[in-house]
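In what follows, a single structure is set out as structure tokens and then discussed.
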């Protein structure tokens, strides 16, 4: 991976989240790589939802 990516870290309620976002040079897609780690001894059930809000601009 080269220049042009972002990494976000968040921790709450016993879950550590690392999200890496980038656009590959050879593609016109956006990739989100999400890593989750449960830091508790409890078994957890999670649901991931991807939400976008498109913005249309006038030219």
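Could you check region 35-59 and list, in sequence order, the residues that are surrounded by 10 or more Cβ atoms within 10 Å (Cβ to Cβ) and at pLDDT below 95?
44
So residue 9 fits all but one of (1) modelled with pLDDT of 90 or more; (2) surrounded by 10 or more Cβ atoms within 10 Å (Cβ to Cβ); what number is the exception?
With (1) modelled with pLDDT of 90 or more; (2) surrounded by 10 or more Cβ atoms within 10 Å (Cβ to Cβ) applied to residue 9, the lone miss is (2).
The values are calculated or read from the model by the stated rules, or taken from the named source; none is laboratory data. Quick caveat: nothing in here was measured; it's all calculated off a predicted structure. When we count neighbours, we look across all protein chains shown, and the Cβ atoms used for this are built from the backbone with ideal geometry, even at glycine.
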